[in-house]
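One structure is given below, encoded as structure tokens.
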Amino acid sequence: MARPLIADIDLDALRHNYCLARDLAPHSRAIAVLKADAYGHGLVPCAKALAELAPALAVASIEEAEALRAAGIETPIMLLEGFFEAAELERIEALGLWSAVHSAWQVDALLAYRPARPLPVWVKVDSGMHRLGFPPEQLAAQWARLAAADDRVSDLHLMSHFATADSVDPSYFQHQMGIVRALADELGAPTCLANSPATLARPEAHGAWNRPGVMLYGSDPLETASDASRRLAPVMTLRSEIIALRELEAGERVGYGGRWQAARRSRIAVVAAGYGDGYDRHAEDGTPVLVNGRRCAIAGKVSMDMLTVDVTDVADADIGSEVVLWGRASNGALLSVDEVARHCATISYTLLTGVLPRVPRRYH
Ligand code: PLP
């Protein structure tokens, strides 16, 4: 029998979450963010599942876009970080991609390039993330250079990214929004601003286009859940089984460093999943898993290929019992990847993108 660890990917849930993003912003078009192998869910199967719904997809590199085109995906594709060298413009044109532009050298390269048809361009302003984008005071000048070159670039959009749209404190979001709104008004520019938290909770950021990512995969990025975010459905279920059981006396220890110590006579289940699969090694004692659909707690440090769970109170736990690390158990019980992430002192994004290639993906 094969090692019983699998990532089940529910493509109906992906479509459900996309429709939620779309319906929350009825005057915007939602670009499905599929970078990082669709946040670990599989780039091409996810793109195919959304092909009929999403007017555009977004990725981080030309290689990801090429993989989509090679799979026959004809939907427009945005490069969120634009191009990394001028030589990529030929491939951008050949693949029909939409490029973000965040730096003066990229404007120079675009103006020096002679495409057969003008290239659509998304001009990024740094409204406060302080990562990519033109400083607000430089934006209008770069915009004017591009707008004047309408034989080389077309469809100028204003793009920005929020640092705190997930926070209950709206002040920094509002600061960023004020900068973008002033520029959009001045330039008469259509906008593309909203990531998942802004799609879910900041309707004032909804523009001509939005860019939801993690919510498509069923993770709730909000600091405090909302009615809308509670309707998200998990797309990935990371599922394994118990491969061995141990009876321990009170006082005996489990795993590397002997971190977990039995406070009573205990049954410990050994589960086929470890950090060599991408399960986070920082999972603390008490991190929840579902054994036969019932919540149990990790006991002891995660190893490369295994982790250990206290199943003392699950009478039917046996070799071969289902263990869900996150997602939906066979009995319908749910364990959100967000809850697991909190126990690993991280965020769902790293857990989902961190599931390694040796874990087979099974699509439904
Ligand atoms: N837009 C940009 C530029 C991004 O970098 C990302 C992801 O980090 C997204 C949109 C999607 O963000 P989220 O996954 O929070 O929806």
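When DSSP beta bridges are limited to those with both residues in the chain, what percentage is antiparallel, rounded to the nearest 5?
55
Relative contact order of the chain: what whole-number percent is it, with Cα pairs under 8 angstrom and at least 6 residues apart?
Values: 822 pairs, mean separation 64.8, N = 364.
Relative contact order of the chain: 18 percent.
Under 10 Å, Cα contacts only: if you run a Gaussian network model on the chain, which one of Y279, Y256, Y217 comes out with the highest mean-square fluctuation?
Greatest mean-square fluctuation among the candidates belongs to Y256.
Pick from A329, A13, A109 the residue whose mean-square fluctuation is largest in a GNM of the chain, springs joining Cα atoms under 10 Å.
A109
For the stretch 127-215, what number results from the quotient of the Cα radius of gyration and 2.2 N^0.38 Å? Walk me through the numbers on the way to the answer.
Working: Rg = 13.4 Å, N = 89, 2.2 N^0.38 = 12.1 Å.
Here the Cα radius of gyration is 1.10 times the empirical estimate.
Evaluate the Kirkwood expression for the hydrodynamic radius of the chain, namely the inverse of the mean inverse distance over all pairs of different C-alpha atoms, and round to one decimal in Å.
The answer is 22.1 Å.
Rounded to the nearest 500, what is the 222 nm mean residue ellipticity of the chain from helices alone, with -39500 (n - 2.57) per DSSP H run of 4+ residues and division by all residues?
Rounded to the nearest 500, the figure is -8000 deg cm²/dmol.
Based on other C-beta atoms within 10 Å, arrange E284, E74 from fewest to most.
Values: E284 16, E74 9.
In order of increasing Cβ crowding within 10 Å: E74, E284.
Take the alpha-carbon centre of the stretch 239-282, take the same for the stretch 23-55, and report the distance between them in whole Å.
37
Cut-off 10 angstrom, C-alpha nodes, Gaussian network model of the chain. Which of A272, A104, A56 fluctuates the most?
A104
Which is farthest toward the positive dipole end of the chain among I243, T346, H16, measuring Cα position about the Cα centre, with Cβ charges +1 (Lys, Arg) and -1 (Asp, Glu)?
I243
Considering only H175, A208, V107, whose Cα is most displaced toward the positive end of the charge dipole of the stretch 101-257, charges sitting on Cβ of Lys, Arg (+1) and Asp, Glu (-1)?
V107
Dipole size in debye (nearest 20) for the chain around its Cα centre, Lys and Arg Cβ +1, Asp and Glu Cβ -1?
Dipole size: approximately 460 debye.
Within straight cross-link reach of K124, meaning Cα distance under 23 Å, which lysines are found once same-chain residues fewer than 8 apart are removed?
Cross-link targets: K35.
Can you put S219, S303 in order of Cβ neighbours within 10 angstrom, beginning with the fewest?
Going from least to most buried by this count: S303, S219.
Arranged by the count of other C-beta atoms within 10 angstrom, fewest first, what order do M177, M1, M236, M215 take?
Fewest-to-most ranking of M177, M1, M236, M215: M1, M177, M215, M236.
Coordinate-derived values only; no laboratory data. Model, not experiment: these values are computed from the prediction. Because the Cβ atoms are built from the backbone with ideal geometry, glycine has one as well, and the counts that use them run over all protein chains shown.
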